[in-house]
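In what follows, a structure is listed as structure tokens, so that the remarks can point back to it.
The values are calculated or read from the model by the stated rules, or taken from the named source; none is laboratory data. Quick caveat: nothing in here was measured; it's all calculated off a predicted structure. Methodologically, a virtual Cβ is constructed for each residue, glycine included, from the backbone with ideal geometry; neighbour enumeration extends over all protein chains shown. Surface accessibility is based on the protein's heavy atoms, side chains included, excluding ligands, DNA and RNA. Shrake-Rupley method; radii C 1.70, N 1.55, O 1.52, S 1.80 Å.
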Amino acid sequence: MLSRQLGEKLKKYETPFYLYDIALLRQTLESVSSAARQHGYKVHYAIKANYDSKILSIIREYGLGIDCASGNEVRKAIEMGFDPKTIVYAGVGKRDKEIRYAIEQGIMAINCESIEELEVVNQISCEMGVRTDVALRVNPDIDPKTNRCIDTGQADSKFGISYEEIIAETPKIQALRNLNIIGLHLHIGSQIRELHVFENMCNKVNVIVARLERMGYKFRFVDVGGGLGINYDVPENEPIPNFASVFSIVHNHLEVDGKEVHFEFGRSIVGECGELISTVMFNKTTATGRKLLIIDASMTELIRPMLYGSYHNIENITADTDTTEKYTIVGTACESTDVFDSNVTMPTSRRGDLLTIKSAGAYGMSMASNYNLHDLPGAVYSDEIE
Ligand SMILES: Cc1ncc(COP(=O)(O)O)c(C=O)c1O
């Protein structure tokens with residue numbers, strides 16, 4: 001882990017900040033792109049995971065496309081030099097101006113998530129005098145066996161169009177003259193660690209594609225989304241996720257001969273490359289005897305533990321003692337839920353010690369906020385440290 005190697009060297013930077021391991025990012029990109037190449041798969045980076053410009057410019061070097069969830073994400077991808085023809089845009093609530101912008105840019109596909117959205121994209125395309133490439137985002141009703149806050153493909157989810165509704169509404173969908181329905185899209189959830197879930201997904205997709213093609217749809221591509229999980233418990237054991245395993249499951253189970261197969265990975269590409277570095281500010285003990293470690297980061301820099309109950313491994317990287325304590329690690333925000341973790345056994349920690357909150361490269365900085373008028377955290381890149 002990079003921060004452990006750097007230790008005291010990091011004390012010259014104002015905390016809290018994100019530390020990015022650029023060598024690990026490159027190794028991860030090499031791994032995903034070479035494994036994808038073996039099967040002819042196309043990979044999009046889910047830009048929502050981290051919008052950092054330097055990270056995006058490195059990702060671009062490896063030829064990945066982009067998956068977006070808003071008009072501004074499409075704009076950022078285009079500003080960063082990604083080819084619009086490699087950009088897909090999903091999201092349940094696209095504003096008219098966002099749809100118009102995506103159409104103007106000629107992106108690869110707008111992944112539509114409701115019948116009404118298909119009608120609106122058709123209407124706007126008609127007004128603009130164009131035919132727009134779209135994909136149907138289907139809700140496949142699959143349990144991704146992950147934290148329920150981040151599952152997106154179960155029957156009652158807000159994401160995607162139910163398979164039954166697509167079938168029932170096919171005459172209406174196929175009458176939309178200003179749309180080219182070129183793809184089928186799905187994304188069943190995030191932080192998936194039980195890889196057999198991807199096998200279930202393929203089996204479902206096979207049925208859906210075959211049935212819809214019998215009904216007259218002609219899909220050029222199937223985009224099976226992202227979701228590959230990372231090792232938050234012991235990141236050192238698995239710094240690069242096993243992309244080859246997912247690809248091999250899909251290769252063995254997905255039966256869509258002749259179609260392009262696309263993936264949209266976010267967390268698995270950038271998650272392990274980032275750590276949030278924070279300084280211990282104060283120690284205090286509650287009336288009940290709980291030892292609190294108050295650090296200068298909070299939910300405004302990394303909200304995942306407070307939003308989803310997600311676990312991040314935390315370590316003191318500058319402690320100089322062998323004695324340990326059990327701590328509850330809390331942030332500075334004016335919220336009782338601003339707790340990173342409880343019952344963490346760590347070396348006795350003092351004011352000025354540096355902590356790392358590991359595996360924070362995905363959905364960390366991109367979810368940061370100015371709540372309490374906190375400044376946004378900075379970024380330190382490993383290849384710029386002297
Ligand atoms: C449509 C879509 N694709 C891809 C992703 C990326 O998922 P992950 O970061 O788990 O790979 C997400 C995440 O929310 C998503 O909603």
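Near K218, which lysines are there with a Cα under 17 Å away, not counting those fewer than 8 places off in the same chain?
K172, K259
Excluding residues on the same chain fewer than 8 positions from K97, give the aspartates and glutamates whose Cα lies under 19 Å from its Cα.
Hits, sequence-local ones excluded: D67, E73, E79, E113, E116, E117, E119, E127, D133.
Mind checking the dipole of segment 22-271: about its Cα centre, +1 per Lys or Arg Cβ, -1 per Asp or Glu Cβ, Debye to the nearest 20? Provide the component values of the computation, followed by the final result.
Numbers: 28 positive and 34 negative charges, 98 e Å.
That gives segment 22-271 a dipole magnitude of about 480 debye.
Distance between the C-alpha centers of segment 303-332 and segment 131-163? Whole Å please.
When both Cα centres are located, 34 Å separates them.
Among A135, N147, C112, pick out the residue whose Cα is farthest towards the positive end of the charge dipole of segment 102-223, where Lys and Arg carry +1 and Asp and Glu carry -1 on C-beta, about the Cα centre.
Projecting each Cα onto the dipole axis, the largest value belongs to A135.
Just tell me which aspartates and glutamates come within less than 20 Å, Cα to Cα, of K9; anything on the same chain fewer than 8 places away is out.
Partners found: D21, E275, D296, E315, D320, D353, D383, E384, E386.
Of T345, S278, I55, whose Cα points farthest to the positive end of the dipole of the chain (charges on the beta-carbon: +1 Lys, Arg; -1 Asp, Glu; origin at the Cα centre)?
Comparing the listed Cα positions along the dipole, I55 ranks first.
Scan segment 341-372 for trypsin sites (Lys or Arg not before Pro) in coil per DSSP, keeping those whose Cβ has at most 15 other Cβ atoms within 10 Å, and list them by number.
On the way: sites: R350, R351, K358; in loops: R350, R351, K358.
Passing both the DSSP loop test and the Cβ count: R350, R351.
Please report the Cα spread of segment 1-123 along all three principal axes, rounded to whole Å, starting with the longest.
Per principal axis, max minus min of the Cα coordinates gives 59, 38, 23 Å.
Sequence gap at least 6, Cα distance under 8 Å: using those rules, report the relative contact order of the chain to the nearest whole percent.
Values: 834 pairs, mean separation 78.5, N = 386.
RCO, the chain: 20 percent.
Among K12, K48, K218, which one moves the most in a GNM of the chain with springs linking Cα atoms closer than 10 Å?
It is K12.
State which entries of K145/K326; K12/K76; K48/K76 exceed 21 angstrom in Cα-Cα distance in the structure shown.
Where the Cα-Cα span goes over 21 Å, the pairs concerned are K145/K326; K12/K76.
Mind checking which of A35, A362, A77 has the largest fluctuation in a GNM of the chain, springs on alpha carbons under 10 Å?
Highest fluctuation of the listed residues: A35.
If you keep only loop residues by DSSP, which GluC sites (Glu not before Pro) in segment 252-332 have at most 15 other Cβ atoms within 10 Å of their Cβ?
Numbers: sites: E255, E260, E264, E272, E275, E301, E315, E325; in loops: E255, E301.
Qualifying residues, ordered by number: E255.
Per residue, how big is the convex hull of segment 128-285 when only Cα atoms are used? Give it in Å³.
Values: hull volume 27.9 nm³, N = 158.
In segment 128-285, the Cα convex hull volume per residue is 176 Å³.
Go ahead and estimate [θ] at 222 nm for the chain from helices alone: -39,500 (n - 2.57) per DSSP H run with n ≥ 4, summed, over the residue count, rounded to 500.
Values: 12 runs with 115 residues, N = 386.
Estimated from H runs of four or more residues: -8500 deg cm²/dmol.
Just to confirm, what accessible area per residue do you get for the chain at 1.4 Å probe, in whole Å²? Show your work: numbers first, answer last.
On the way: 16300 Å² over 386 residues.
Accessible surface, normalised per residue, equals 42 Å².
Which residue fluctuates most in the GNM of the chain (Cα springs below 10 Å): D320, D341, D223?
D320
Treating only the Cα positions of the chain as identical point scatterers, give the base-10 log of I(q)/I(0) from the Debye formula at each q in 0.06, 0.07, 0.15 Å⁻¹.
Taking Cα atoms of the chain as identical point scatterers yields -0.25, -0.34, -1.28.
Any idea which of V234, T328, S366 is furthest toward the positive side of the dipole for the chain, if Lys and Arg beta-carbons carry +1 and Asp and Glu beta-carbons -1?
Looking along the dipole axis, the top candidate is S366.
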